[in-house]
Amino acid sequence: MDDTTGSLFMPFGGSTIAGDVDTVFNFILYTSTIIFALVVFGIIFFSIRYRRRGKLALTPDISHNTKLEIVWTVIPTILVVIVFFMGFNAYLKMSVVPKDAMEIKVTGQKWFWSFEYPEAGATTVNELVVPIDKPVKLLMSSQDVIHSFFVPGFRIKQDVIPNRYTMIWFQATKIGEYDLFCAEYCGTKHSEMIGKVKVVSEREFENWLEESSMSGEGMSLSDFGAKLYISKACNTCHSIDGSAGNGPTFKGIFGKQVTFDDGSQAMVDENYIRKSILNPQTNIVAGYQNIMPTFQGLLKEREVDALIAYIKTLE
Amino acid sequence: MSEAVAEKNYLNDPKGWKSWVFTLDHKRIGILYLASITAAFFLGGVFAVLIRLELLNPGQDLMGPDTYNQIFTLHGAVMIFLFIIPSIPAALGNFFLPLLIGAKDVAFPRLNLASYYIYVFGSMFAVYSIFTGAVDTGWTFYTPYSTETQTSVIPMTLGAFILGFSSIFTGLNFIVTIHKMRIPGMTWYKLPLFVWALYATAIIQVVATPVLGITLLLLIFERVFSVGIFNPDMGGDPVLFQHFFWFYSHPAVYIMILPGMGIISELIATFSHKKIFGYKAIAFSSLGIAFISFLVWGHHMFVSGQSELAAMIFSFLTFLVGIPSGIKVFNWITTLYKGQIHFDTPMLYALSFLFLFTIGGLTGIFLGALATDVHLHDTYFVVAHFHYVMMGGTVMAFLGGLHYWWPKMFGKMYNHFWSVIAMILVFVGFNVTFFSQFILGSQGMPRRYYNYLDQFQPLHAFSTIGSWILGAGFIIMAIYLIHSLFKGRKASDNPWGGLTFEWATGSPPPHHNFKVTPKMTHGPYDYDKVLVEQTDY
């Protein structure tokens with residue numbers, strides 16, 4: 001990416017609103033730096049000028065000065081009222097969604113984001129792909145606890161709440177990748193609930209949308225599964241190298257006998273994996289918590305096939 | 001005054017452990033509180049160092065994510081509920097409020113002792129929760145996470161619930177004491193400003209704390225009986241919890257900072273040997289802050305989905321609450337003008353308070369403005385901001401007060417050289433630790449993250465190094481303060497040349513505070529009329 005360095009305080013701003021927010025930020029930064037400098041100058045100057053020298057003596061009775069007090073009450077009040085209006089104006093711009101905005105449904109759940117493009121029928125996990133220079137409205141809700149959708153590069157943030165929709169919109173102004181964070185604490189993997197917003201050209205977006213509504217054509221089933229393992233965020237909890245995670249590792253799991261928390265056992269076969277993806281609450285492997293969300297509706301038939309094929313290869 | 005070796009004072013008269021455990025003397029209760037909050041500060045500090053150590057590098061260093069989540073929750077809960085809320089009012093306030101108004105004790109000595117034991121009882125629940133799978137909700141206990149998590153939310157919230165009563169009792173006691181126990185001639189405008197600050201604080205404690213109690217009780221009910229007030233599946237509203245919680249916890253921020261401001265007024269006046277500038281402005285700004293503080297809770301919730309109209313109103317009111325704090329800072333600085341400033345350790349803390357609190361206050365403007373708050377909310381910018389206010393503000397004031405009144409409380413003087421070294425380390429370490437966090441936050445680093453992206457590492461490492469400097473400062477402080485108790489030079493009655501009543505009695509004071517009832521011969525800051533030479537240094 002060219003020229004996407006930010007300032008000392010702010011990351012590069014890649015949305016229409018970023019400039020407005022940065023203007024408010026910089027205005028506060030500069031005025032408060034001046035005020036701070038005056039305060040520090042006052043402290044240091046008086047400290048040196050009026051340090052105690054020699055024998056202690058009585059000091060003058062200076063208990064108030066109406067003019068001075070009015071000045072230092074009125075000037076800060078005017079300044080904060082200005083800041084209030086600046087902040088409020090930019091906030092209004094953030095809050096009013098343009099009528100022609102493209103709508104994407106966002107679901108937050110422990111600990112990943114999923115995005116649904118209603119018109120194309122495509123879904124992605126942890127990667128939001130949007131076209132440049134086009135207003136995008138996100139209609140968001142949570143499957144479990146409160147999360148918060150935060151893209152520093154766009155200067156936007158909005159809590160994502162169960163049983164209620166919240167909304168946010170943006171219009172990207174520069175092609176590139178932007179970090180996406182969950183900003184409301186949500187438990188063990190809160191800091192892993194991160195993703196990317198990929199801003200692409202209009203044409204690239206159309207192509208991508210078409211491709212992602214297809215299901216891995218021209219790829220072997222297990223290669224497609226390997227891709228899904230990352231893109232559907234299985235890797236957040238299930239390792240492929242045998243290391244421990246929030247869920248059992250995939251390494252060598254196929255064909256193995258597993259024990260559930262109620263003591264019963266089962267053999268890991270195609271049906272077992274299918275059931276574990278679509279109805280993960282039915283059986284919980286002993287030693288693990290019941291935290292896996294269902295992928296019912298998030299995965300197409302061929303995608304489930306592909307994941308099974310991929311897990312088979314992990315011996 | 002001649003200082004007999006075996007002179008009786010509140011520390012050695014009466015004797016025996018029972019005389020301490022069942023004491024009704026406000027000074028002894030103050031000392032008990034001081035010991036307890038110091039232990040809590042140490043515990044919270046260890047958690048803080050562990051957090052910073054884990055964040056030195058991305059990925060796992062010391063502990064897993066679940067342990068990390070518990071540690072940062074405990075750091076917050078212990079520091080806020082066990083340390084900073086009781087710190088100045090219950091420890092220094094208990095000890096000095098009666099002395100400052102010339103009284104023998106607080107209005108209700110038994111209630112005072114009860115409030116201490118309620119504090120201990122509540123703290124035990126909090127400590128118990130640490131050993132039973134400590135909470136991992138953050139000190140804010142947001143629902144629905146806090147109703148779902150498997151960790152021991154109930155002991156911790158029950159602890160905070162009980163601690164609330166301790167806070168309410170102390171507040172009640174102080175309000176009555178200030179109204180009824182002043183010596184004749186001490187009118188409201190002759191009260192030391194620390195007393196005004198304690199008064200404003202006490203009002204918030206009494207009015208706001210019950211709301212926290214109700215909220216935490218509802219949370220416990222939700223967990224035990226599934227009543228569904230906050231549970232969306234049962235028609236409840238998880239965001240309602242945030243409104244309840246901040247209705248207390250925003251005013252609580254002023255429970256934490258107002259007493260600190262009171263101490264700063266005392267320190268600035270004493271060490272510049274000058275009448276405080278704008279006495280009434282400082283006194284009434286405390287009350288103004290206390291009042292407006294009840295109307296700004298929604299600024300914690302600008303991105304929570306509350307209505308834009310509500311957000312606008314809360315933002316506006318938030319700016320109003322900033323004005324009285326600014327006025328105080330200007331008054332303190334003007335007090336220095338034409339003073340005779342002496343830079344003893346307490347004054348160094350007061351000046352660092354002015355420096356750090358100003359940064360804390362000014363960075364609050366970024367968070368009060370709607371557009372910038374949307375970006376900065378729940379990032380390290382907020383973490384840095386409240387540490388500048390709470391630690392740069394309240395803790396600096398507390399340390400200033402502690403060093404100011406230490407000779408009075410224990411009759412011993414600490415080592416001057418080491419106290420300055422520790423002060424410098426604390427000041428530098430604090431800025432290294434937390435200034436870097438402003439930049440981390442505005443660059444987009446969310447708070448409560450166990451792991452982080454590589455671009456944030458340099459600043460995280462910098463911040464962690466700061467925590468070591470800060471830790472070193474506190475270790476040195478602990479050593480010279482403890483050393484002074486045993487080997488310290490005997491302190492005179494009025495080492496700093498102060499004009500308030502606590503300096504008109506022995507160091508340490510006798511059991512009944514004053515051998516002769518003090519008389520109101522001059523105001524607390526009449527440095528234009530009365531000259532008392534500094535006897536130490």
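Computed from the coordinates by the stated procedures, all read-outs in this text should not be read as laboratory data. The structure displayed is predicted, hence computed values, not measured ones. Cβ coordinates were reconstructed from backbone atoms using ideal geometry, including for glycine residues, and neighbour counts include every protein chain displayed.
Here are a few things to note about the model shown:
- Leading residue at positive end of dipole, region B:27-504 (Cβ point charges), from B:380, B:251, B:37: B:37
- Max mean-square fluctuation residue, GNM over chain A, Cα-Cα springs under 10 Å, options A:136, A:40, A:97: A:40
- Based on the Stokes-Einstein relation at 25 °C and a viscosity of 0.890 mPa s, and on the Kirkwood radius from alpha carbon pairs, region B:1-148 is assigned a translational diffusion coefficient of 139 µm²/s.
- Helical runs assigned H by DSSP (4 residues or longer) give chain A a calculated mean residue ellipticity at 222 nm of -11500 deg cm²/dmol, each run adding -39500 (n - 2.57) before division by the residue total.
- Taking every residue in A:79-91 and counting other chain Cβ atoms within 10 Å of its Cβ, the average works out to 6.
- Percentage of interatomic Cα-Cα distances in chain B larger than 47 Å: 9
- Percentage of interatomic Cα-Cα distances in the protein assembly as shown larger than 40 Å: 41
- Order of A:115, B:366, B:221 under a 10 Å beta carbon neighbour criterion, fewest first: B:221, A:115, B:366
- Using Cβ point charges alone (K and R +1, D and E -1), the dipole size of region A:102-213 about the Cα centre works out to roughly 400 debye.
- Sequence of B:248, A:50 once ranked by neighbouring C-beta atoms within 10 Å, starting from the fewest: A:50, B:248
- Computed magnitude of the charge dipole of chain A (debye, nearest 20; Cβ of K, R +1, Cβ of D, E -1): 1740
- Its DSSP H runs of at least 4 residues, each contributing -39,500 (n - 2.57), put the calculated 222 nm mean residue ellipticity of chain B at -21500 deg cm²/dmol, to the nearest 500.
- Note on chain A: GNM, Cα springs under 10 Å; of A:223, A:20, A:100, the largest mean-square fluctuation is that of A:100.
- Total lysine pairs whose alpha carbons fall under 15 Å of each other in region A:151-253 (8 or more apart, or interchain): 4
- Furthest towards positive pole of dipole, A:35, A:294, A:19, structure part chain A, Cβ charges: A:35
- For residue B:8, the lysines whose Cα comes closer than 24 Å to its Cα, not counting residues fewer than 8 places off in the same chain, are B:18, B:27, B:104, B:408, B:412, B:487, B:490, B:515, B:519.
- For chain A, built as a Gaussian network whose Cα springs stay under 10 Å, the top-fluctuating residue of A:67, A:174, A:300: A:67
- Counting only DSSP beta bridges with both residues in the protein assembly as shown, the antiparallel share comes to about 70 percent.
- Note on A:69-75: average number of Cβ atoms from other chains within 10 Å of each residue's Cβ is 4.
- Of the peptides B:498-509, B:46-57, the ranking by mean beta-carbon count within 10 Å, highest at the top, reads B:498-509, B:46-57.
- Sorting the segments B:291-297, B:233-239 by their mean number of nearby beta carbons within 10 angstrom, highest to lowest, gives B:291-297, B:233-239.
- Rounded to the nearest 20 debye, the dipole magnitude of chain B is 1840 debye, with +1 charges on Lys and Arg beta carbons, -1 on Asp and Glu beta carbons, and the Cα centre as origin.
- Relative packing of B:30-41, B:75-86, B:303-314, which averages over residues the other C-beta atoms within 10 Å, highest first: B:75-86, B:30-41, B:303-314
- Segment residue A:207..residue A:61, full-extension length gain: 44.7 nm, with 0.36 nm per residue of separation and the alpha-carbon distance subtracted.
- Comparing B:356, B:405, A:259 along the charge dipole axis of the protein assembly as shown, the residue lying farthest to the positive side is B:405, per the Cβ-charge model.
- For the residues of B:346-353, the average number of beta carbons from a partner chain within 10 Å of their own beta carbon is 1.
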